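Q: Let me give you the structure first, and then I'll get to my questions.
The values are calculated or read from the model by the stated rules, or taken from the named source; none is laboratory data. All figures in this text were calculated on a predicted structure; none of them were measured in a lab. Note that we place each Cβ from the backbone using ideal geometry, even for glycine, and neighbour counts take in every protein chain shown.
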Amino acid sequence: MSVTGVLLVVTGGISGVAWTMAPAPPAFHLQAGQDTTYSCLVCHADKRRSFSAGVHSERGIKCADCHGGDPRALETVTAHRRMQFDPRSKIAIAQECSSCHSDPNQMRQYGLPAGELAEFRTSRHGQLLLQGNTDAPTCTDCHDAHTILRPIDARSNVYPTNIPGTCAACHSNVAMMQKYGLPTDQLTKYRTGAHGVAVFEQGNFAAPTCIGCHGSHGALPPAATEISTVCDRCHVLLGAAFHEGPHGQASRAGKIPGCLACHTNHGTEVVPAEQIATLCTQCHAPESREALVGIEIQTQVVRAAEELRLAEGAIAELTREGRRVSDARFRYESALTDFREIAKVQHSLDLELLDDLGRGVSSISQEVRETAEVAREHRWEHRLMLVPVWFLALAAIVLAWFRLAHPSPREPENHDQA
């Protein structure tokens, strides 16, 4: 046991002094290799523990590199002299972080950008903060002050599944958001929407979180004419089809808010095929030419979906009968590809191409179903061929039973023969 881990306790009188070893009270424990002369650790042990878990500690950054002061001094007043910034000032925090993170020479080695502060100044958060609004976040509101973790660390505030909660820390605050006329249900809608389901339930981190659409340091809601471009970054093919059609022209002209004309922003719901025509009438008169186009699109999509369902049922039937289904499955995949193409083409409102794709799905579905029908007919023919066999077998059983039940009388024996 080391001397630093015990206390020497004196017991007994003057004439008989006895020395015993007693456990020391809870003390500050240094990590292996920790500089024992670094006085910040004496008072701020809690900060050391949190800081040592982060990436800054891994890179050899110490308290004084950000806070200043004299880490060799053993008195509080002396140690706190020449502090570099006031950690209570959100603007000062952003400036201090940028002293490294705005230096391309320092950030290049880590593959990190060096324009976060410039982006932050252009964001709504930065604009409010520079105006003295302390509701606006600074760096440490999203990244923590001392435990700076990599984005790929599941404990990080900016890990994909944690980002919505990080943003909601403020944006779900009713009292705070009322000042700016903003809703507080974004997180709830996001979690139940297509993007939220992909992130939280399917673990698909390619799906966007808040920063995927709004940006991180330069966070701003996209303008009406920018929304479709933002969506295009992921939905490339859908975006190309959208811009080819009349809705794309209206979006560029600022007449409709891009994709949000039919979808919501945080909910990002998929419009059910049976509701396409109804959706169109939210903007167009029920008897208008545009509404009739919506009805035709809905008819094509619903019919193609039903054809796919019938083809799936036929393949399942073939599988149950032990038939080869490799060709049928290959054809079904072709139909599925055409059906997915329909989802893209409907954004362009190209009825002619939509009809061609629908016919392709129906044709393949018909082929698969005919294969199942032929197999079904063969099955019945086989069963019919077995009828005479079963009849003969039954007749043989009846005949055998009859003979056993009614044995023929024996001929009397002739006792007169010599």
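Q: Here are GLU317, GLU367, GLU321, GLU333: which of them is charged (D, E, K, R), loosely packed, with under 14 Cβ neighbours inside 10 Å and farther than 30 Å from PHE242 by Cα?
A: Details: GLU317 fails: loosely packed, with under 14 Cβ neighbours inside 10 Å; GLU367 fails: loosely packed, with under 14 Cβ neighbours inside 10 Å; GLU333 fails: farther than 30 Å from PHE242 by Cα.
The conditions single out GLU321.
Q: Which one of these is of a type outside the set (A, V, I, L, M), modelled with pLDDT of 90 or more, within 28 Å of ASP141 (Cβ to Cβ) and outside the structural domain of LEU130 (by TED's automatic domain parsing): HIS67, HIS101?
A: HIS67
Q: Looking at (1) of a type in the set (Gly, Ala, Ser); (2) at pLDDT 95 or above; (3) over 33 Å from the mean Cα position of the chain (by Cα), which is the one condition that is false for ALA304?
A: Among (1) of a type in the set (Gly, Ala, Ser); (2) at pLDDT 95 or above; (3) over 33 Å from the mean Cα position of the chain (by Cα), ALA304 violates only (3).
Q: Which residues, counting only those in segment 147-190, are without any contact (Cβ under 8 Å) to a residue 24 or more places away in the chain, closer than 25 Å to CYS66 by Cβ and not hydrophobic (A, V, I, L, M, F, W, C)?
A: Passing the criteria: PRO151, ASP153, ARG155, SER156, ASN157, TYR159, ASN162.
Every residue, every condition in (1) out of contact with any helix residue (DSSP H, G or I) (no Cβ under 8 Å at 6 or more places or on another chain); (2) assigned to a loop (DSSP other than H, G, I, E, B), yes or no:
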| residue | (1), (2) |
| --- | --- |
| THR147 | no, yes |
| PRO164 | no, no |
| THR184 | no, yes |
| LEU187 | no, no |
| GLY203 | yes, yes |
| PRO208 | no, yes |
| PRO222 | no, yes |
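Q: Out of the residues in segment 265-290 that are polar (S, T, N, Q) and loosely packed, with under 13 Cβ neighbours inside 10 Å, state the one that is nearest to GLY196 (Cα to Cα).
A: Looking at the filtered set, the residue picked out is GLN275.
Q: Moving to a separate point now. Could you please find all residues in segment 44-94 being touching a strand residue (DSSP E or B) at 6+ places or on another chain (Cβ under 7 Å) and surrounded by fewer than 13 Cβ atoms within 10 Å (Cβ to Cβ)?
A: Within segment 44-94, ARG82 is the sole residue that qualifies.
Q: Then there is this: May I ask you to say which residue of SER228, SER216 is among the small types (Gly, Ala, Ser), at pLDDT below 95 and either touching a strand residue (DSSP E or B) at 6+ places or on another chain (Cβ under 9 Å) or part of a helix (DSSP H, G or I) (or both)?
A: Being among the small types (Gly, Ala, Ser), at pLDDT below 95 and either touching a strand residue (DSSP E or B) at 6+ places or on another chain (Cβ under 9 Å) or part of a helix (DSSP H, G or I) (or both) holds for just one of SER228, SER216, which is SER228.
Q: Moving on to the next point. Count, please, the residues in segment 46-68 that happen to be farther than 17 Å from ASN157 by Cα and in a helix (DSSP H, G or I).
A: Within segment 46-68, residues that are farther than 17 Å from ASN157 by Cα and in a helix (DSSP H, G or I) number 11.
Q: Separate question: I'd like the residue in segment 95-143 that is among the acidic types (Asp, Glu) and without any contact (Cβ under 8 Å) to a residue 60 or more places away in the chain and, out of all such residues, is surrounded by the most Cβ atoms within 10 Å (Cβ to Cβ).
A: GLU96
Q: Of the conditions (1) within 26 Å of the chain's Cα centre (by Cα); (2) on the phi > 0 side of the Ramachandran plot, GLY132 clears all except one; give me its number.
A: Condition not satisfied by GLY132: (1).
Q: Where residues in segment 85-104 are in a loop (DSSP other than H, G, I, E, B) and not charged (D, E, K, R), which of them is farthest from ASN133 (Cα to Cα)?
A: Top of the filtered list is SER102.
To keep it simple, each residue is scored yes or no on (1) more than 15 Å from HIS347 (Cβ to Cβ); (2) touching a residue at least 24 places away in the same chain (Cβ under 8 Å).
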{"site": "LEU238", "(1), (2)": "no, yes"}
{"site": "PHE242", "(1), (2)": "no, yes"}
{"site": "ARG252", "(1), (2)": "no, yes"}
{"site": "CYS259", "(1), (2)": "no, yes"}
{"site": "LEU279", "(1), (2)": "no, no"}
{"site": "HIS284", "(1), (2)": "yes, no"}
{"site": "ALA291", "(1), (2)": "yes, no"}
{"site": "GLY294", "(1), (2)": "no, no"}
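Q: Every residue in segment 236-272 that is part of a helix (DSSP H, G or I) and touching a Gly at 6+ places or on another chain (Cβ under 7 Å), please.
A: PHE242, SER251
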